[in-house]
Every structure is written in structure tokens, then in C-alpha cells.
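Below you'll find the structure, written out as C-alpha cells, and then a few comments.
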Amino acid sequence: MRKFRFLLIGLGLFISLIMAGCGGKQEASSSDKAVAPEKIVAKFSHVTATGTPKGLAAEKFADLVKEKTNGQVEIEVFPSGQLFGDKDEFEALQANNVQFIAPSAGKLISFDPRFQIGDMPFLFKNNQGASKFWDSEKGQELLQSLESQGMIGLTAWPNGMRQIMNSKKEIKSPEDLKGLKFRIPAGGVLVDIFQTLGAGTSSIAFSEVYPALQQKVVDGTIASFDNIENEKYEEVLKYLTIANMNSLAYVVIVNKEFWDGLPADTREIVKECMTEATAYERELADQLDEESLAKLKQKINVYELTEQDHQAFVKSMEPVWAKYESVVGKDLIDAVVELNR
């Protein structure tokens, strides 16, 4: 009886060892299977046409990200306000309904009034001067101020200096703007510029500018050469004055939750792609500005301010500078002046 009991115990142990061995093999087989990481899809919404520097740079960024992450991250680009317009893209970004937007810097004044730096009249010389500022310590400090709002400013894409366009008369002096009404992208310093010049303003979404000009809701607008040509403003406006009034720069912003949630190595790759896309955009902006101006000269009346004209406008803007020095920050203004020497 005792021998039989030991025999049963031994048989049980033998069976247990066999079962454990089989289970071990199954577990090893299961763990050996590599689990593919989940694909990351992000939306990049902006309001300009595909052929603009911003539109082309957004596509370039998407292509680079797809290539350098081997398709693991996909950026879907939606141009021309297809998803969201000027007025609702921030809410969409903060809600993480889109992950990237690229509004003009002036649109950010409700989050930080210092973003009016680009709108300051006759402060920046050109695109290069604007890029130097945004890449500087002061510029980066300004971009980082958005983090408390659930957004991260990654970089800035300068897109030319703003010029003056209207349907009624040639603009050569500050007095020539009196009585005219202009579309502006946002309030603040732009309102004061035109009020100081005796002109009215209306804040109109970018996608609605052409019909507003066509229907005479406003007499004119301020825009870069490239935007003027791409949006075909020359079809509804007769006069263009090369004034280099202020800098049109787009701030590329990403949703903070999405950005922080990316794996560290993936985030670094996406950051590198943005740096490369930014260099591409800046070179393209200069090139397309020159090409657009050449085309516009064949279609409408173009007047370039002389040095004397320019100084008259600078003089007329002294009240605006005095009012906004404390709002924008003397430190930022001084930094731009130094970098634009």
C-alpha cells in the first residue's frame, strides 16, 4: 500500500513537471511575439492656401515626419480653413481636436499681449530680422509663455512684410490713408496704427477677406506679396504700396498634452523635422515674395515708399510706439532693434 502511494505521488510530480514545461514553452512563445507600436496620427490645421510658404512647409513637415518615423507618425494637413477657421482653431487645439496650428502671431495677443511684437510698425526690416528675433532667447521665451494655456510654441515661420493694398487710391503718405477702411487679422496695435492714420479697421477672418474686399465691406487690407498673389487680391484691389509696415509671422503651436505624450525618442524626431521644415519655409518665403512681387507689378499699380516717405510714416507712428512699449515690453523691442541693425 505504501509503495502504491509513493508510486502515485511520483506519477503526479512527473505529470506536473511535464505540464509546467509545456506551459513554460507556451509563455515563452507568447512573449517572443513583438507587439507593433500603435500608429500616431495628428492633425495640422491652418487657414492659408496650399501653395503659400506656410501651406508648403506644413506639407514638408508632414512628409519628413512620415519618412523619419518610418510611417509610425502621420501628420494630416488641412489647409484653407477646411477644419477650423481663425476664430475657433485655438479652442480646437486646446481641446486636442487638432494637434498643430500655425496662426499669425497677432492672433495670440489674448494669451499674451507681447505677441503684438510683430505688428509693431516699422520695427522689423525684413524676414531675416524677424527670424533672428524668434530664434533668439527673448523670442523663445515668448513662445514658451503659451505652456500655461495647454499649448507649446515650437517656432515661427516669417512670411514676408505686410504691405498696404486698397481699391481707391495710391498711398504715398500717412495722410493718404485718411477715411479708408482696412481689414486687419486682429485688434490691438493694428487698430491703433490705422486710427492714428485716420483710417478705420475691421477684424475679418482670413478665409473671408476676398469676399469682403469684393463686396466693398472694406477698402483694403495689409498682407505679404505672396498672400496677395495667392489670394488673388489684385482682382478686387487696384493699388499696392510697398511699405514694409510690419512683420507677418506664423507661430507653429502644438497641443501640450499630445506633445508631452509622445515617446521621448519620437518627440525628438518630430522636433528635428520641424526644424528642417522651418528652414525650408523661411527660404521659400523670401523666394516666393520676390516672385509674387514681380507678377503683381504686371497686374496692378505698385508704388514703393521712398526713404523720405518711409520717414514720414515712422514719424507718424511715434504715438503707437509710446503706447505699446510697456505692453509689448521694452526688452523685446530693444532685442528686435539690436538684431535688425
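Every number in this text was worked out from the coordinates using simple rules, so none of it is lab data. All of these numbers come straight from a predicted model, not from anything done at the bench. Glycine gets a Cβ as well: all are built from the backbone with ideal geometry, and neighbour counts include every protein chain shown.
What is the local net charge at residue 239, summed over the other residues whose Cβ is closer than 14 Å to its Cβ (Lys, Arg +1; Asp, Glu -1)?
Summing Lys and Arg as +1 and Asp and Glu as -1 gives 0.
Find the centroid of the Cα atoms in the range 129-185 and in the range 273-329, then give the distance between the two in whole Å. Here the two parts' Cα centres lie 9 Å apart.
Once C-alpha pairs closer than 8 Å and six or more residues apart are averaged by separation and normalised to the residue number of the range 110-212, the relative contact order reads 22 percent. Pairs of Cα atoms nearer than 8 Å and 6+ residues apart set the relative contact order; for the chain it is 24 percent.
Pairs from the table (178/232; 256/323; 172/295; 181/330; 295/315) lying more than 27 angstrom apart at Cα are 256/323; 181/330; 295/315. Modelled spin-label separation between residue 147 and residue 315, with each label point placed 7 Å from Cα along the Cα-to-Cβ direction: 4.7 nm. Seen from a random direction on average, the alpha-carbon convex hull of the chain projects onto 22.9 square nanometres. Here each label is just a point 7 Å from Cα along the line to Cβ, and for residue 217 and residue 97 those points are 2.1 nm apart. For a straight C-alpha distance cut-off of 16 angstrom, the aspartates and glutamates reachable from residue 60 (same-chain residues fewer than eight places away being disregarded) are 74, 76, 272, 276, 281, 283.
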